[in-house]
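The values are calculated or read from the model by the stated rules, or taken from the named source; none is laboratory data. From a predicted model like this one, the values you see are computed outputs, not experimental measurements. Note that each Cβ is placed from the backbone with ideal geometry, even for glycine, and that neighbours are counted across all protein chains shown.
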Amino acid sequence: MNIYVSNLSFNVQDEDLREFFTEYGEVSSAKVITDKFTNKSRGFGFVEMPDDAAAQQAINELDQATVEGRTIRVMEAKPKEDRPAKPRSNNFSRNNGGGGFGNRY
């Protein structure tokens with residue numbers, strides 16, 4: 001089961017996250033999500049546990065627990081939904097009202 005953990009202290013590392021969950025069973029992976037530019041924690045992460053019963057017990061017992069002074073949220077991770085593409089503004093449209101490439105015609 002894939003587990004989402006939020007409101008983590010920015011000091012929590014992957015190894016710490018793994019340790020929180022190993023008390024409940026085998027942990028396949030534990031990853032704190034970091035900002036791609038600063039490489040600092042974004043305050044949430046994911047834990048993968050192969051045993052669903054152990055994962056559910058970990059969720060039940062760790063949700064709302066206090067870790068490093070913060071109340072964490074722990075729940076089953078939901079898959080990313082397909083989102084419709086955002087419409088992009090087209091700077092080259094003919095009706096943009098202000099000079100530029102689109103008004104040559």
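Each row is one residue, and each column tells you yes or no for (1) at pLDDT below 95; (2) surrounded by 15 or more Cβ atoms within 10 Å (Cβ to Cβ); (3) out of contact with any helix residue (DSSP H, G or I) (no Cβ under 6 Å at 6 or more places or on another chain); (4) not small (Gly, Ala, Ser).
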| site | (1), (2), (3), (4) |
| --- | --- |
| Tyr24 | no, yes, no, yes |
| Asn60 | no, no, yes, yes |
| Pro87 | yes, no, yes, yes |
| Phe92 | yes, no, no, yes |
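Here's the yes/no breakdown for (1) among the β-branched types (Val, Ile, Thr); (2) part of a strand (DSSP E or B); (3) over 17 Å from Gly69 (Cβ atoms):
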| site | (1), (2), (3) |
| --- | --- |
| Ser9 | no, no, no |
| Val12 | yes, no, no |
| Leu17 | no, no, no |
| Tyr24 | no, no, yes |
| Ile33 | yes, yes, yes |
| Thr38 | yes, no, yes |
| Arg42 | no, yes, yes |
Original post:
Applying the selection to the range 44-82, what residues are part of a strand (DSSP E or B) and either in contact (Cβ under 8 Å) with a residue 60 or more places away in the chain or farther than 15 Å from Ser6 by Cβ (or both)?
Top reply: Glu48, Arg70, Thr71, Arg73, Val74, Met75, Glu76
